[in-house]
1. Among 194, 246, 259, which is of a type outside the set (Gly, Ala, Ser), surrounded by 14 or more Cβ atoms within 10 Å (Cβ to Cβ), over 30 Å from residue 289 (Cα atoms) and free of Cβ contacts under 8 Å to residues at least 60 places away in the same chain?
2. Restricting attention to the stretch 118-153, which residues are part of a helix (DSSP H, G or I), aliphatic (A, V, I, L, M) and in contact with a Lys or Arg (Cβ under 7 Å, 6 or more places away or on another chain)?
3. Can you tell me which residue within the stretch 31-80, out of those that are at pLDDT 95 or above and polar (S, T, N, Q), is surrounded by the fewest Cβ atoms within 10 Å (Cβ to Cβ)?
4. Filter the stretch 154-184 down to residues that are in a helix (DSSP H, G or I) and over 10 Å from the mean Cα position of the chain (by Cα) and give me whichever is surrounded by the most Cβ atoms within 10 Å (Cβ to Cβ).
5. Could you check the stretch 197-225 and list, in sequence order, the residues that are small (Gly, Ala, Ser), under 19 Å from residue 166 (Cα atoms) and surrounded by fewer than 21 Cβ atoms within 10 Å (Cβ to Cβ)?
6. Give the number of residues within the stretch 196-210 that are more than 14 Å from residue 170 (Cβ to Cβ) and either in contact with a Lys or Arg (Cβ under 8 Å, 6 or more places away or on another chain) or of a type in the set (Phe, Trp, Tyr) (or both).
7. Considering every residue within the stretch 215-224, establish whether at least one is assigned to a loop (DSSP other than H, G, I, E, B), aromatic (Phe, Trp, Tyr) and out of contact with any helix residue (DSSP H, G or I) (no Cβ under 6 Å at 6 or more places or on another chain).
8. Looking only at the stretch 149-170, which residues are within 11 Å of residue 196 (Cβ to Cβ) and not aliphatic (A, V, I, L, M)?
Amino acid sequence: MKQIQAWIVLITVMFTVMGCKNYNDLKLTDAQRIEMSVSTPEKIEKAQQLFDSGKYKSTAKVLSKWIKKNAYEHPYMDDALFLKGNACYNSERYYDALQTFEILLDKFGASEHYSEAMYKEVEIATRFLEGEKRRVFYIFKFSAVGDASEILTRIAARWPGSKLAVKALTIEADYYFDNNDYKEAQESYQLIVNSYSTTDKYQHALFRNAESTFLQYRAPIYESTPLTESRFRYTQYLLKFPVDVNSDTAQRRLIEIENLLAEKEYSIASFYAKTNKNEAAQYYYEQIIKQWPQSIWARHSAEKLSLAK
């Protein structure tokens, strides 16, 4: 492909020369001079041979020197970056691989390696989430979870609507969910629900969106927003998927939510009763009996009202 591009440039230059009137018209840009070099650079060929023989550290070393000596406009620069990134990855230097792929993605949007580099970054992010550390000066090791989150977010932004984007968001959301960070998980699942409703990850995200909302509820003394929002989301899930592996769990959650909401109201009524605001307490007891007549909190409320008479 690159050789074909180079010949196209060469032919274009020849026709240009034929139509030139003076020496100044014959001057080429640096990029044109570089593109006229149709053969693969010797150093890159050598690096490929090292890579093929499993000598990944040597591959990266050769390519680092070549990349440093050549301009980004070189027609084989994206090849060199992609090969170096893979060499770093295969030698378990994941952060170095990430930095190399980032240069490729930032500067070579039309490269044939673009999508492959993004898939490789997702693999790097997954390794970071699984516990692989970020190495600094080849001695110190630090958690790379934050780096992983940034990688996955960038992937979704660079290739919106793609299968890789929804995969990246799902990996990120599942990591947060599995590590009990339900707020971050809910935000990531919500992105999938909003933008990827036709993908195979939608059903999973819709259910986990409800779950991560529900699990943010702490106790009656805290606000009930997670309960009311998760009730809506479980209901939405059951409307779309009435019979599936998560349907029973969603139904049980809805029953649990109603009980927790009644408990929340009962705690408010109890507070008013303890502070001698009997009319307010009576109001809440009556609302509990009306809205949740079958609950234990309705029975407790009825007992309180009978004692007040």
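The values are calculated or read from the model by the stated rules, or taken from the named source; none is laboratory data. Treat the numbers as computed from the prediction; the structure is a model and nothing was measured. As a convention, Cβ positions derive from the backbone with ideal geometry for all residues, glycine included, and neighbour counts pool all protein chains shown.
1. Details: 194 fails: surrounded by 14 or more Cβ atoms within 10 Å (Cβ to Cβ); 259 fails: over 30 Å from residue 289 (Cα atoms).
Going through 194, 246, 259 in turn, the sole match is 246.
2. Pass one, the stretch 118-153, residues part of a helix (DSSP H, G or I): 118-129, 145-153.
Within this subset, residues satisfying the condition of being aliphatic (A, V, I, L, M) are 118, 122, 124-125, 129, 145, 148, 151-152.
Matches in the stretch 118-153: 118, 122.
3. 53
4. First, pick out the residues of the stretch 154-184 that are in a helix (DSSP H, G or I): 154-158, 163-178, 182-184.
Checking the rest, the ones that are also over 10 Å from the mean Cα position of the chain (by Cα) come to 158, 163, 176-178, 182-184.
On the way: 158: 17, 163: 12, 176: 22, 177: 20, 178: 10, 182: 20, 183: 12, 184: 16.
Out of the qualifying residues, it is 176.
5. If we filter the stretch 197-225 for residues that are small (Gly, Ala, Ser), which is where we start, we get 197, 205, 210, 212, 219, 224.
Those still in the list that are under 19 Å from residue 166 (Cα atoms) too: 197, 205, 210, 212.
197 - this is the single residue of the stretch 197-225 that is small (Gly, Ala, Ser), under 19 Å from residue 166 (Cα atoms) and surrounded by fewer than 21 Cβ atoms within 10 Å (Cβ to Cβ).
6. Within the stretch 196-210, the first condition is being more than 14 Å from residue 170 (Cβ to Cβ), and the residues that meet it are 198, 210.
In the following step, the residues that additionally are either in contact with a Lys or Arg (Cβ under 8 Å, 6 or more places away or on another chain) or of a type in the set (Phe, Trp, Tyr) (or both) were identified as 210.
Total satisfying the criteria: 1.
7. Quick first cut of the stretch 215-224, residues assigned to a loop (DSSP other than H, G, I, E, B) only: 215-224.
Of the ones still in play, those that are also aromatic (Phe, Trp, Tyr) are 217, 222.
Still in the running and out of contact with any helix residue (DSSP H, G or I) (no Cβ under 6 Å at 6 or more places or on another chain): 222.
Within the stretch 215-224 (the criterion being assigned to a loop (DSSP other than H, G, I, E, B), aromatic (Phe, Trp, Tyr) and out of contact with any helix residue (DSSP H, G or I) (no Cβ under 6 Å at 6 or more places or on another chain)), the answer is yes, since at least one residue qualifies.
8. Passing the criteria: 160, 161, 162, 163, 167, 170.
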